[in-house]
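Reviewing the structure listed below.
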Amino acid sequence: MNGAKYLLDTNIIIGFLARKPEVLELFALKKIKIYECVYSSISRMELLSFPSISAIEINAIETLLLRMNYLAVTKAIEDETIEFRRQHKTKLPHSIIAGTAKHYQLELLTLDKKLANLL
């Protein structure tokens, strides 16, 4: 995880792939390089589990994810998640993402303003 600074939430990854202006502007403003970004196993599951996902979309997602480091859920992340969820009463996937960011001391990039305000 050398050089990692940012944990990308699922909605940021989707926005990046869709070239959404607010996501591209965020990357430009912060001068973010993709190799500084990591993603959670939760985001990978969310991204690739849409029932109507096409082969082209799968390929685009997997190609992007290959350029970043992957973070699995560990017991330490579980502990951070439990604490975060108890404190903020958030949905489990959001709590796992937040717990992962906290555990690794990464800046969470998300379009979810409610989640962002909790960090």
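Its alpha carbons give region 6-113 an Rg and a Dmax of 13.8, 40 Å.
Taking 0.36 nm per residue of separation and subtracting the Cα-Cα distance, full extension of the segment from Lys89 to Lys33 would add 16.9 nm.
Sorting Asp79, Asp9 on the 10 Å Cβ count, fewest up front, what's the list? Walk me through the numbers on the way to the answer.
Working: Asp79 12, Asp9 26.
By the 10 Å Cβ count, ascending: Asp79, Asp9.
The residues Phe16, Phe50, when put in order of fewest to most other Cβ atoms within 10 Å, stand as Phe50, Phe16. Sequentially through region 42-51, phi angles give Karplus couplings (6.51, -1.76, 1.60; θ = phi - 60°) of 4, 4, 4, 5, 5, 5, 9, 9, 5, x Hz, Gly and Pro residues having no value and appearing as x.
Where a number appears in this text, it was derived from the coordinates with a stated rule and is not lab data. What you are looking at is a predicted structure, and each value in this text was computed from that prediction instead of being measured. Virtual Cβ from ideal backbone geometry, glycine too; neighbours counted across all protein chains shown.
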